[in-house]
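Step one of this worksheet: look at the structure below.
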Amino acid sequence: MVADDVYRITEQIEGKTRERAPLKHRKFGEFRETPMPWTVRESLLRYEKEHDADANGYLLRTQRSSHWAHTTLEYQWGAAKKRAGITKRLTTYSLRHFFASN
């Protein structure tokens with residue numbers, strides 16, 4: 001978080017190897033910034049206070065990995081939809097594009 005409403009992304013998790021990698025279409029050291037609603041900021045700060053980041057600065061991690069891969073996110077999203085009773089075919093990818101275009 002680089003401001004109250006801005007999140008800076010400096011790397012990504014490569015889909016096949018599930019290793020840290022530079023962002024697509026950017027040179028080493030370049031980044032992308034995205035808007036961040038205050039509710040997301042508050043949730044991340046509260047989660048960090050309760051769970052702490054690891055030595056690499058990762059906050060969202062699994063028991064087997066220091067970071068969430070897309071498969072972890074898809075599993076969590078599916079479980080959340082089921083608990084909420086959402087039957088529409090919404091994916092994290094579709095939500096991302098809806099947010100970006102709105």
Rounding to the nearest 20 debye, state how big the charge dipole of the chain is about its Cα centre with +1 on each Lys and Arg Cβ and -1 on each Asp and Glu Cβ.
-> 580 debye
Rg and Dmax of segment 32-102, Cα atoms only, in Å = 14.0, 39
Once the dipole of segment 1-53 is set up from charges on Cβ (+1 Lys and Arg, -1 Asp and Glu), the residue from the list Ala53, Phe31, Thr17 lying farthest towards its positive end is Thr17
log₁₀ of I(q)/I(0) at q = 0.21, 0.22, 0.24 Å⁻¹ - segment 1-53, Debye sum with one point per alpha carbon | -0.89, -0.92, -0.96
Only loop residues by DSSP count here, and only those with at most 14 other Cβ atoms within 10 Å; note down the trypsin sites (Lys or Arg not before Pro) in segment 1-34 that meet that.
-> Lys16, Lys24, Arg26, Lys27
Trypsin sites (Lys or Arg not before Pro) in segment 35-84 lying in a DSSP loop, each with at most 14 other Cβ atoms within 10 Å of its Cβ, come to Arg64
Over the chain: helical MRE at 222 nm, DSSP H runs n ≥ 4 each giving -39500 (n - 2.57), nearest 500 | -12000 deg cm²/dmol
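Computed from the coordinates by the stated procedures, all read-outs in this text should not be read as laboratory data. The model shown is predicted, which means the values in this text are computed figures rather than measured ones. Cβ coordinates were reconstructed from backbone atoms using ideal geometry, including for glycine residues, and neighbour counts include every protein chain displayed.
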